[in-house]
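Please read the structure below before turning to the comments.
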Ligand code: GLU
């Protein structure tokens, strides 16, 4: 999957945000927990039943409060390495995929055991990006997940590594967990890893690096942290966490980053005692609009004149033929399309009423209806809360 671009905005690091954590905690109905391999394995790299137990206990406690939990769990490759005896050496793509296939069942056995101790059933969901990019599969996935949750089952999601190709894969489970959280309209996503906070600089290098408790949107400083993989971030994985969090914030999902191997870490996070919260005041749009604006993969779109780009970005308007100066790519009616301004910047995404061929044949009228249109990129940033 291509990296979602970070929206530009003038915002900053905010201290504390305890109130916001308490507010999220109070209204929590659905929580997605992304669990990284580092916290599910011991020093030898083997899956650690104790680690699974620690998280399962917290899931069980959350459920006594009626909170539904979805786990996005890594660890298949680690489990496969152990099973096949591959050690810790770097693996070729083929071996990684083989290890993931061999290890996925071991991973599920651990979750079944750990959650089963609390009388909780689990269900396995393996995904590739095409399952989310395709609107029909997306809808099915949404229905299956909702049904599982309503049955009191904890879905355990992972990337379907055996079939995911190098070019077309989520790449890491941080990104996958944000997709899943959007899909089920979660109230919060927590990324549990071996990093306790986002820091102002790399704490291994800079002695007085400060922990950041709360981030509200993007400042040049945060962008730098998001862009540079190792510097200033504590671990290599932080860049992916920051970009995932900011992307998900853009469509209304608050994201927490915390250390996953501390007892009661999730509860401590909501009490403001650990972790970094990426807070957002965006309103969560409908699932359909999340899909159009953030998950769809348009194969083409309409090029707008400046007047149309401005008009669309200012309010709820449909795209009419008069504002279009060209098409890019090929698409049919009902395909997702992007709408770009004369500088090539994305204004919005939508569902086409008119295909590219029909437009070339001179079809006018409504090309994208306003109900099928979502402002994206900079244009979205210019109109907070407008969906
Ligand atoms: N799907 C991989 C696994 O289960 C993990 C990818 C990741 O950790 O981001 O091992």
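Here, each number is a calculation from the coordinates, and none is a lab measurement. If you're wondering where the values come from, they're calculated on a predicted model, not measured in any experiment. In this analysis, Cβ positions are derived from the backbone assuming ideal geometry, glycine residues included, and neighbour counts consider all displayed protein chains.
For the chain, how big is the tail of P(r) above 32 Å, as a whole percent of Cα pairs?
Numbers: 27129 of 74691 pairs.
Cα-Cα pairs of the chain separated by over 32 Å account for 36 percent.
Going 7 Å from the Cα of residue 364 in the Cα-to-Cβ direction, what parts of the stretch 312-340 have a backbone nitrogen less than 20 Å from that spot?
Correct set: 312, 317-327.
Over the chain, what is the relative contact order in percent, taking alpha-carbon pairs closer than 8 angstrom and at least six residues apart?
Values: 811 pairs, mean separation 65.7, N = 387.
Relative contact order for the chain comes out at 17 percent.
What ranking, highest mean first, results for peptides 75-82, 259-266, 97-104 when packing means the other Cβ atoms within 10 Å averaged over each residue? Walk me through the numbers on the way to the answer.
On the way: 75-82: 24.5, 259-266: 18.8, 97-104: 21.2.
Those peptides, ordered most packed to least, come out 75-82, 97-104, 259-266.
Evaluate E = 1/(1 + (r/R0)^6) for residue 273 and residue 151, where r is the Cβ-Cβ distance and R0 equals 41 Å; express this FRET efficiency to the nearest 0.05. Walk me through the intermediate numbers first.
On the way: r = 33 Å, r/R0 = 0.81.
My answer for the efficiency is 0.75.
Hey, rough spin-label estimate for residue 208 and residue 143, points 7 angstrom out along Cα→Cβ, what's it come to in nanometres?
It is 6.0 nm.
How long are the semi-axes of the equivalent ellipsoid of the stretch 236-339, defined as square roots of 5 times the Cα gyration tensor eigenvalues? Whole Å, largest first.
Values: eigenvalues 305, 44, 27 Å².
They are 39, 15, 12 Å, listed from largest to smallest.
What's the center-to-center distance, using Cα atoms, between the stretch 324-373 and the stretch 81-134 in Å?
40 Å
Using packing as a proxy for protection, rank 302-310, 139-147 so that the peptide with the highest average count of other Cβ atoms within 10 Å comes first.
Numbers: 302-310: 18.3, 139-147: 15.0.
Most protected by this proxy first, the peptides run 302-310, 139-147.
Using only C-alpha atoms and all pairs of different ones, pull out the Kirkwood radius for the stretch 68-154 in Å with one decimal. Walk me through the numbers on the way to the answer.
On the way: mean 1/r = 0.0689 Å⁻¹.
Over the stretch 68-154, the inverse of the mean reciprocal pair distance is 14.5 Å.
Using the per-residue mean of other Cβ atoms lying within 10 Å as a proxy for protection, in what order, highest first, do the peptides 127-137, 271-281 fall? Walk me through the numbers before you get to the answer.
Values: 127-137: 16.7, 271-281: 21.1.
Taking the mean over residues of other Cβ atoms within 10 Å, the ranking is 271-281, 127-137.
If you line up the long axis of helix 93-116 against the longest principal axis of the chain, both from Cα atoms, how many degrees apart are they, to the nearest 10?
70 degrees
How large is Rg over Rh for the stretch 286-326, taking Rg from the Cα atoms and Rh as the Kirkwood inverse mean of 1/r across Cα pairs?
Working: Rg = 11.7 Å, Rh = 11.5 Å.
My calculation of the ratio gives 1.02.
Between residue 65 and residue 105, how many nm apart are label points set 7 Å from Cα along the C-beta direction?
3.8 nm
So how far, in whole Å, is the C-alpha centre of the stretch 245-271 from the one of the stretch 275-299?
17 Å
Calculate for the chain the 222 nm mean residue ellipticity that helices alone would give, adding -39,500 (n - 2.57) per DSSP H run of length 4 or more and normalising by residue count, nearest 500 deg cm²/dmol.
On the way: 14 runs with 139 residues, N = 387.
Taken over the chain, the calculation gives -10500 deg cm²/dmol.
If you fit an axis through the alpha-carbon atoms of helix 238-250 and take the longest principal axis of the Cα set of the chain, what angle between them do you get, 0 to 90°, nearest 10?
So the helix axis and the longest Cα principal axis differ by about 50 degrees.
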